[in-house]
Amino acid sequence: MVLPLASLALGLGVGWLELRHRLRPSSPLQLRGRDWSVHQDGSRLQVDGVLEISNPHRRMEIFVPELTVKPVLLGSADPSALTVTTQVRSAHPDEPSRNDGYWAAYIVKGHRSTEARVRITIDAPAGTDPGTLVDTLWVDVDWINYGPFGRLMRRQGVLVPLTRPQPLDAEQARFRDGDRCAVLPLKTHLLGTLDDPIDVMRTYAGHLTQPGDVLTIGETPIAVIQNRYRHPSEVEPGLVARLACRVFHPTSSLATACGMQTLIDLVGPTRVLCAWLGGLALKLMGIKGGFYRLAGDQARLIDDITGTTPPYDQTIVLGPEQPGALCQRAAEALGVAVAIVDVNDLGRVKVLASSQGCDEALLERALRPNPAGNANERTPLVLVRPIQG
C-alpha cells in the first residue's frame, strides 16, 4: 500500500510541476530586426532599421504600452567624443504614425504585427571618421508586454555592424601548421540576427576553399544568428531551478538559477528533475556526466552570462537549432565539408554537427589548440586543410 501511495504522490508532484511550468507568465509576442542599413556622410553615420513586433497566437491580443531604444557603441577606442541621437517612430498599421518620438500604446491582435522605425545618428568631431572609433552598434530594446499573463518587462537587442573587415585574399592567407593539417582562422564582423550563416561563410571563406577542406564555425555564432539568446531579466527562475543549480560546479552555465531555468524552459521541469536524480545516482556509481546525457544536448550547449563575446556576454545563449541540416545546406552551397563546433582552451573539441563525409578525426587534431581563440578575436570561422604524409 505504501508503494502505490508513494507513486501517486510522486505523480501528483510531477504533474503539479508541469502545470506550474505551463502556467508561468509568458507572452507570445516576438521582436526581430529587419531592413537595417548604415550610411556614412563624412563624420556622420546614420543607421536606419525596423523593429517588427509580431503575434503568432491565433486569438490572444497583447498590449505594447511602452518601447524604448538605447544604442550601445562597441569598438576599440573611447567613443565619448561621439554624439549619438535616437529617434523612434511608431508605425502601427491602422493608426497615424507619430513623428514626435512618443510610443503610442498599441494592441497587437492575433496573427498581426506592428513596427517601430528607428533612426540612430552617430556624429564624430569634424574630420574624424567614426568608423575608427566604433565598429558595431548594439540596439538595446526595452519593451513592455501587457495581457492575460500580467505585465512583463522584456529586453532584447539587435546587433548592427557599422564596419566590416575585408575578406582575406589568397596572398594574405597565412595557414598555421598543425598535426597533418593546416588551419586558417578567419576574421569576420561581429555576427548577429541580421546575418545569414551561409552568406557569412561564402563572403569570408568561399574564395579560399579547396577540395578536401573543412570549414568550421562556432556553435555560439550560429546560435546568435538564429536569435537564440535571452537577457536574464526575461527569465523567472522557479523552485526547481533554484534548487537544482546549487549542485553544479560554479563555472557551469547551469550553476545559476537563470541558466538552469533556461534549460527547464527548453525541456521541461520533469526531465530536468529526472536528469538531476538520475545523474546523482550515476555519480554515486562512479559515472560522471549523467545529468547532461539525461537532460539532452542543450544542457551542454547553454552559455550563461560572461560565456560569450560582448555584447552577448550579458545574455544567456542557447545551442543552435537544427545544426545538421544547416551544415548540409552550407556544404552544398560552398562545395566543401562544413561543421559546427564547440572548442575551448582546455583542448576540448566537440563537433556538434557536420555535413556528410566530413572527417571529424581531422577536426579533432586541427582544433585541439583552439586556433579561433576564446577571447574577442572575432574569428568564428576556421578553415582546415588536410596535409598528406
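None of the figures in this text is laboratory data; all of them are computed from the coordinates on show. A quick note: this is a predicted structure, and the numbers were derived from the prediction, not measured. Here the Cβ positions follow ideal geometry from the backbone for every residue, glycine too, while neighbour counts run over all protein chains shown.
Quote the relative contact order of segment 229-317 in percent (integer), defining contacts as alpha-carbon pairs under 8 Å separated by 6+ residues.
Across segment 229-317, relative contact order equals 29 percent.
Using alpha-carbon positions, what is the distance between the centroids of segment 328-347 and segment 179-231, in Å?
Here the answer is 8 Å between Cα centres.
If you put +1 on each Lys and Arg Cβ and -1 on each Asp and Glu Cβ, how big is the dipole of the chain around its Cα centre, in Debye rounded to 20?
Using only the charged Cβ atoms, the result is roughly 1300 debye.
Quick one: 3J(HN,Hα) in Hz for segment 158-168, Karplus 6.51/-1.76/1.60 with θ = phi - 60°, rounded, Gly and Pro as x.
10, 9, 10, x, 8, 9, 9, x, 6, x, 5
Give me GLU115, GLU95 sorted ascending by neighbouring Cβ count inside 10 Å, so fewest comes first.
Arranged by neighbour count, lowest to highest, GLU115, GLU95 become GLU95, GLU115.
Quick one: grab the alpha carbon gyration tensor of segment 30-161, order the square roots of its eigenvalues as a ≥ b ≥ c, and give me rounded if a/c is under 1.5, else prolate or oblate depending on whether a/b is larger than b/c.
Cα axes put segment 30-161 in the prolate bin.
Shape call for segment 250-314 from the C-alpha gyration tensor, a ≥ b ≥ c root eigenvalues: rounded (a/c under 1.5), prolate (a/b greater than b/c) or oblate?
Cα axes put segment 250-314 in the prolate bin.
Quick check on the chain: of the DSSP beta bridges with both residues there, what percent are antiparallel, nearest 5%?
Antiparallel bridges make up about 95 percent of those DSSP assigns within the chain.
Using packing as a proxy for protection, rank 26-37, 226-237 so that the peptide with the highest average count of other Cβ atoms within 10 Å comes first.
So the order, starting with the most tightly packed, is 226-237, 26-37.
Got a sec to turn the phi values of segment 358-374 into Karplus ³J(HN,Hα) couplings, 6.51 cos²θ - 1.76 cosθ + 1.60 with θ = phi - 60°, whole Hz, x for Gly and Pro?
6, 8, 6, 5, 4, 5, 4, 5, 6, 9, 4, x, 6, x, 6, x, 10
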